[in-house]
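Engineer: Right, I'll just put the structure down here and ask away after.
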Amino acid sequence: MQNNKRPRFLSLWQISLPITGVVPILHRLSGIFMMLLFPFLLYLLQLSLRSAEGFAQAEAIIASGPVYVGGLVLLWLFAHHLFAGIRVILIDMEWGSELRLARRTALIVLVAALLVLIVGALL
């Protein structure tokens, strides 16, 4: 006998995703965005290593408002990806796979990445 109370559609906006589901999704997205920003970072590195004038140009680009904010976003992406990756490795080693500990480590990942962002913004 079939259960008629099952939903007929799947609306991702109505699903309440737990924190243990949010962190892996953000881990994948942070990796994608870091790879998309990689050519720009290589361009800045090449420009800064070309000459003293190139270094000054790269410094001026980095000091501009939108690029500074983008740098903070990149810092958060890197920190989150690093901490979430460490969490995944620990779970693969069968540490932290219990639900209570998995929730705690997911929260630690989010808070640690946010703290790195705050420290980076203050420096």
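Engineer: Among the residues of the stretch 87-106, write down those that are of a type outside the set (A, V, I, L, M, F, W, C), closer than 15 Å to P18 by Cα and modelled with pLDDT of 85 or more.
Structural biologist: E98, R100, R103, R104, T105 - these are the residues of the stretch 87-106 that are of a type outside the set (A, V, I, L, M, F, W, C), closer than 15 Å to P18 by Cα and modelled with pLDDT of 85 or more.
Engineer: Would you confirm whether any residue within the stretch 77-86 is among the aromatic types (F, W, Y), at pLDDT 90 or above, farther than 20 Å from V109 by Cβ and out of contact with any Lys or Arg (no Cβ under 7 Å at 6 or more places or on another chain)?
Structural biologist: Within the stretch 77-86, not a single residue is among the aromatic types (F, W, Y), at pLDDT 90 or above, farther than 20 Å from V109 by Cβ and out of contact with any Lys or Arg (no Cβ under 7 Å at 6 or more places or on another chain).
Engineer: Restricting attention to the stretch 105-123, and to residues there that are farther than 14 Å from L82 by Cβ and in contact (Cβ under 8 Å) with a residue 60 or more places away in the chain, which single residue is most open to solvent (accessible area, probe 1.4 Å)?
Structural biologist: The residue in question is L107.
Engineer: Go through the stretch 75-104 and give me each residue that's more than 12 Å from the chain's Cα centre (by Cα) and either open to solvent by less than 90 Å² (accessible area, probe 1.4 Å) or in contact (Cβ under 8 Å) with a residue 24 or more places away in the chain (or both).
Structural biologist: Those that are more than 12 Å from the chain's Cα centre (by Cα) and either open to solvent by less than 90 Å² (accessible area, probe 1.4 Å) or in contact (Cβ under 8 Å) with a residue 24 or more places away in the chain (or both): I86, R87, V88, L90, I91, G96, S97, L99, L101, A102, R103.
Engineer: Sticking with this one: Residues being out of contact with any Gly (no Cβ under 7 Å at 6 or more places or on another chain) and hydroxyl-bearing (S, T, Y): count how many of those fall in the stretch 65-123.
Structural biologist: 2
Engineer: Which of the residues that make up the stretch 17-40 are part of a helix (DSSP H, G or I), open to solvent by less than 70 Å² (accessible area, probe 1.4 Å) and either farther than 17 Å from L110 by Cβ or not hydrophobic (A, V, I, L, M, F, W, C) (or both)?
Structural biologist: T20, G21, P24, H27, S30, G31, M34, L37, listed by residue number.
The values are calculated or read from the model by the stated rules, or taken from the named source; none is laboratory data. Worth saying up front: this structure is predicted, and the values here are computed from it rather than measured. With ideal geometry, Cβ positions are generated from the backbone for all residues, glycine too; neighbour counts draw on all protein chains shown. Accessible surface is based on the protein model in full, side chains and every heavy atom, while ligands, DNA and RNA are left aside. Shrake-Rupley method; radii C 1.70, N 1.55, O 1.52, S 1.80 Å.
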